[in-house]
Amino acid sequence: MSILGKVHWAVFDCLTGDCTRVERLPFELGSDEGVDLRLNGPGVSPKHCAIAKVQGRTFGLIRRDEQAVMTLNGHSLDFHELLPNTDYSLLIGNHFLLLRGCAKPDDWRAQLDHTVWSLFNPATQALEGALPLVDLCRSALREGWSPTTVVVPRGAGMGFYLGQAAGALREQLPADAPPADDFADPATAAPVAPADSQHGALTCPVCWLHFDAGDVMHVAVHDSLRGDPVLGQDAPLRFQATQFNERGQALDAFGLPCTDIACPHCRRVLPPGFLATRSSPQWSGASRCWASSARCRG
Ligand SMILES: [Zn+2]
């Protein structure tokens with residue numbers, strides 16, 4: 001019987017296709033000889049992070065080194081609880097990993113294809129392209145896609161930022177591609193807007209793409225309404241409201257009033273009063289502050 005019960009955890013390498021089973025806890029990842037999954041190259045600490053039980057209870061991914069940068073689902077974190085039957089994307093140095101715990105990791109592995117990647121087009125809400133990652137990056141950069149565009153290997157429920165992928169593969173990309181430094185932090189990088197995101201009266205303070213008030217999305221409140229193609233299956237559902245209560249609040253599919261609104265492009269929650277204060281001269285500076293804190297909050 002597994003020490004983890006009926007859920008078996010595995011780590012999939014999205015660049016090589018290697019899949020490693022988590023056979024013991026803690027499961028250490030890093031560049032050290034003794035770790036359970038050995039990673040190399042820049043940005044990898046000897047003991048980088050581990051899948052472990054914290055305080056004997058909460059199961060999750062924990063950062064092991066103060067210098068280490070552990071980017072889970074696009075956010076730099078110290079710790080994150082891991083739930084079964086959920087894909088997590090983990091970026092360590094130039095290693096693009098997926099984590100999942102489920103009854104049959106082999107079945108999960110079988111439906112993943114690290115050689116075929118797509119990008120998520122927020123305008124069409126669809127995955128586009130089916131190319132090796134380096135080719136997808138090359139054509140996406142040529143077409144001017146934002147570094148915060150999400151790219152996913154076939155079969156994965158969680159992706160990575162185009163900027164992260166382009167940074168990791170920069171040696172294989174054309175010399176006239178935007179410098180990798182522009183991609184170091186997708187949330188602060190100068191956005192290169194897709195053509196259909198350049199018009200609209202409003203500007204998102206996170207991704208800086210434009211949209212009109214009518215395109216704003218609402219964030220569902222009921223706990224069972226989850227899943228977003230950009231933010232992942234844990235995120236509350238974003239939707240365009242068709243029903244409102246007498247106070248003008250959007251209602252989700254369970255009839256609960258929703259007060260949070262989100263950007264239709266990057267799907268991040270917009271700051272309180274966003275629609276009311278957008279014309280204030282203070283807006284730009286305040287929103288920049290908000291955007292950087294929102295990045296940490298997820
Ligand atoms: Zn946005």
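The values are calculated or read from the model by the stated rules, or taken from the named source; none is laboratory data. These numbers come from a predicted model, not from an experiment. Methodologically, a virtual Cβ is constructed for each residue, glycine included, from the backbone with ideal geometry; neighbour enumeration extends over all protein chains shown.
Annotations for the structure displayed:
- Leu202 being within 16 Å of the ligand (Cβ to nearest atom), within 26 Å of Leu77 (Cβ to Cβ), hydrophobic (A, V, I, L, M, F, W, C) and modelled with pLDDT of 85 or more: no
- Identity of the residue in the stretch 210-260, aromatic (Phe, Trp, Tyr) and within 28 Å of Phe160 (Cα to Cα), that ends up surrounded by the fewest Cβ atoms within 10 Å (Cβ to Cβ): Phe239
- Residues in the stretch 248-270 that are within 16 Å of the ligand (Cβ to nearest atom) and without any contact (Cβ under 8 Å) to a residue 60 or more places away in the chain: 5 in all.
- Filtering the stretch 66-88 for residues that are crowded, with 19+ Cβ neighbours inside 10 Å, without any contact (Cβ under 8 Å) to a residue 60 or more places away in the chain and in contact with an Asp or Glu (Cβ under 8 Å, 6 or more places away or on another chain) leaves a non-empty set.
- Candidates Val230, Val221 - the one that is of a type in the set (A, V, I, L, M) and over 21 Å from Ala126 (Cβ atoms): Val221
- Against the numbered list (1) among the aliphatic types (A, V, I, L, M); (2) away from the ligand (no atom under 16 Å from the Cβ); (3) modelled with pLDDT under 80, Leu225 comes up short only at (3).
- Among the residues of the stretch 112-146, those that are at pLDDT below 95 and in a loop (DSSP other than H, G, I, E, B) comprise Pro122, Ala123, Thr124, Gln125, Glu143, Gly144, Trp145, Ser146.
- Close Cβ contacts (under 9 Å, 6 or more residues apart or on different chains) running from residues in the stretch 199-210 that are in contact (Cβ under 8 Å) with a residue 24 or more places away in the chain and closer than 7 Å to Cys263 by Cβ to residues that are among the aromatic types (Phe, Trp, Tyr) and within 10 Å of the ligand (Cβ to nearest atom) comprise Cys204/Phe211.
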